[in-house]
Amino acid sequence: MEIRTLTWSDFEEWSSLQGSRYAELGSNPELGLYTELQPPSPTDLANYFAGVMAGILENRIVCNVAVDGGRVLGHASIFPVGDHREKRHIGSLGMVVRPEHRGRGIGRRLLSKTLEDCVGKYEIVELTVTSTNAPALRLYRALGFVERGHLPRSFKRGELYLDEIIMSRPVASSR
Ligand SMILES: CC(C)(COP(=O)(O)OP(=O)(O)OC[C@H]1O[C@@H](n2cnc3c(N)ncnc32)[C@H](O)[C@@H]1OP(=O)(O)O)[C@@H](O)C(=O)NCCC(=O)NCCS
């Protein structure tokens with residue numbers, strides 16, 4: 001398995017990974033990923049993918065994929081938190097590993113490489129994680145993220161409310 005930057009040829013695999021969260025919701029209503037009201041259409045996915053690729057080429061976005069035998073097993077991405085000049089030193093993390101490949105260390109490898117690739121682009125990486133997402137919390141803490149805040153009931157899916165935890169880490173950390 002290799003961890004590398006997203007490329008144009010990853011579009012189909014990347015799209016299937018993006019779309020897989022909607023299927024997972026049926027068996028995992030606490031899935032700690034944000035979703036749209038409707039699963040994205042092929043056009044939505046193509047536009048989004050093109051935006052991510054443009055961000056990578058312009059050095060604004062870091063997006064790595066874990067690839068094995070041509071299959072994209074997971075991704076970790078760091079996007080600017082906003083366009084404001086005062087926020088340009090901060091990146092926001094999102095990541096997912098396909099359900100059947102979780103718990104094998106792929107997330108840890110993906111995130112480590114992605115943080116390394118942020119050097120020179122960002123100074124701080126921030127994220128939010130639902131408070132019941134034990135594997136993600138364990139991974140983030142292990143890689144040096146520190147809890148900075150707690151947002152009660154800030155994640156609502158149907159009648160399910162979850163708290164969110166804000167975490168951050170300097171890019172240039174010893175871990
Ligand atoms: C979070 C996620 C990306 C981690 O990827 P992964 O490949 O499973 O991560 P790893 O295999 O490196 O494991 C991460 C840690 O979680 C631990 N873990 C796994 N299942 C666990 C569980 N049920 N409870 C507690 N810890 C668990 C692992 O033991 C590992 O810790 P360790 O290295 O100290 O042993 C993956 O679980 C995922 O895609 N989840 C759904 C999407 C999501 O929540 N994304 C993050 C949004 S903030």
- Normalized C-alpha radius of gyration of the chain, against 2.2 N^0.38 Å? 1.00
- Message: Per residue of segment 21-35, what does 6.51 cos²θ - 1.76 cosθ + 1.60 with θ = phi - 60° give for ³J(HN,Hα)? Whole Hz please, x for Gly and Pro, Karplus curve as stated.
- Response: 5, 6, 5, 5, 4, x, 9, 9, x, 8, 3, x, 10, 6, 9
- Placing +1 at every Lys and Arg Cβ and -1 at every Asp and Glu Cβ, with all other atoms neutral, what dipole size does segment 12-82 have around its Cα centre, in debye to the nearest 20? 120 debye
- Task: Using +1 at the Cβ of each Lys and Arg and -1 at the Cβ of each Asp and Glu in the chain, identify which of Gly144, Met1, Ser92 lies farthest towards the dipole's positive end.
- Result: Gly144
- 3J(HN,Hα) from dihedral phi, segment 130-147, Karplus parametrisation 6.51/-1.76/1.60, rounded to Hz, x for glycine, proline: 5, 5, 9, 8, 4, x, 5, 4, 5, 4, 5, 4, 4, 9, x, 6, 10, 6
- Message: Just to confirm my numbers, what's the Cα centroid distance between segment 50-69 and segment 1-45 in Å?
- Response: 14 Å
- Query: Reachable lysines from Lys121, Cα under 25 Å, same-chain residues fewer than 8 places away excluded?
  - Reply: Lys87, Lys113
- Query: Using +1 on the beta carbon of Lys and Arg, -1 on that of Asp and Glu, and nothing else charged, what's the dipole of the chain about the Cα centre, debye to 20?
  - Reply: 560 debye
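Values quoted throughout were computed directly from the atomic coordinates according to the rules given, and no laboratory measurement underlies them. Only a predicted model underlies this, so the values are computations on that prediction, with no experimental measurement involved. Cβ coordinates were reconstructed from backbone atoms using ideal geometry, including for glycine residues, and neighbour counts include every protein chain displayed.
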